[in-house]
Amino acid sequence: MSQRTFSIIKPDAVRNGDTGAILAEIAKAGFKIVSIKKMSISRQQAEGFYHVHAARPFFGELCEFMSSGPIFPMVLEKENAIADLRKLMGATDPAKAEVGTIRQKFAASIGENAIHGSDGEDTAAFEIGYFFAGVELK
Ligand code: CDP
Ligand code: MG
């Protein structure tokens, strides 16, 4: 059964000119792009998105980074989309990411790691709703 997940091409990857190459990897892996847009978010909007990490030591730096430049939030669809995107992304720390994954190819550090992907059905639903209205998701 087809499933939707939420992803962001993060500011480091956009700054490095890797957006097109990352979208190509996502398409090659069989995802349909349901919706995508380019935008910048405020520090406060980043804090709301990552609220589950509010108590973590890296929270401040993470929100600073996510609001440091344009991003491409997107909704992706395929069978098993949530788990398959996590696999395609690779480990949070690019040094530990499997060869061929997006983070292994495009990320520089555990903080600036090129791409976000939802980690479960509940977070996917929250994250899609955080960035997209229903009329953008036909
Ligand atoms: O993005 P992912 O789900 O793989 O990792 P997370 O544990 O949900 O953390 C969210 C984001 O916080 C990561 O993607 C990194 O950008 C950042 N982070 C960090 O800066 N330092 C860490 N030790 C862990 C995460
Ligand atoms: Mg996560």
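The values are calculated or read from the model by the stated rules, or taken from the named source; none is laboratory data. Everything numeric here is computed off the predicted structure, so don't read it as measured data. With ideal geometry, Cβ positions are generated from the backbone for all residues, glycine too; neighbour counts draw on all protein chains shown. Calculation scope for accessible area: heavy atoms of the full protein, side chains included, ligands and nucleic acids excluded. Shrake-Rupley method; radii C 1.70, N 1.55, O 1.52, S 1.80 Å.
For region 84-130, the candidate set comprises residues that are part of a helix (DSSP H, G or I) and in contact with a Lys or Arg (Cβ under 8 Å, 6 or more places away or on another chain); within that set, the residue that is nearest to Ile71 (Cα to Cα) is Ile128.
Selection of region 108-138 for residues being within 18 Å of Leu62 (Cβ to Cβ), among the hydrophobic types (A, V, I, L, M, F, W, C), more than 14 Å from ligand 2 (Cβ to nearest atom) and open to solvent by less than 70 Å² (accessible area, probe 1.4 Å) yields only Phe131.
Within region 104-115, residues that are touching a residue at least 12 places away in the same chain (Cβ under 8 Å) have Cβ atoms under 9 Å from residues that are open to solvent by 80 Å² or more (accessible area, probe 1.4 Å) and among the small types (Gly, Ala, Ser) in these pairs: Gln104/Ala95; Ser109/Ala95; Ile110/Ala95; Ala114/Ala108, counting only partners at least 6 apart in sequence or on another chain. Enumerate the pairs (first residue in region 1-22 and surrounded by 15 or more Cβ atoms within 10 Å (Cβ to Cβ); second residue anywhere and of a type in the set (Ser, Thr, Tyr) and modelled with pLDDT of 95 or more) with beta-carbon separation below 6 Å, excluding pairs fewer than 6 apart on the same chain, so at least 6 apart or on different chains. Sorted first by the residue in region 1-22, then by its partner, the pairs are Thr5/Ser118; Phe6/Ser118; Ile9/Thr19; Pro11/Ser68.
Scanning region 89-103 for residues that are more than 16 Å from ligand 2 (Cβ to nearest atom) and either open to solvent by 70 Å² or more (accessible area, probe 1.4 Å) or among the charged types (D, E, K, R) (or both) gives Ala95, Glu98, Val99. Evaluated against (1) open to solvent by 50 Å² or more (accessible area, probe 1.4 Å); (2) closer than 18 Å to Asp119 by Cβ; (3) in contact (Cβ under 8 Å) with a residue 12 or more places away in the chain, Ala55 falls short on exactly one condition, (3).
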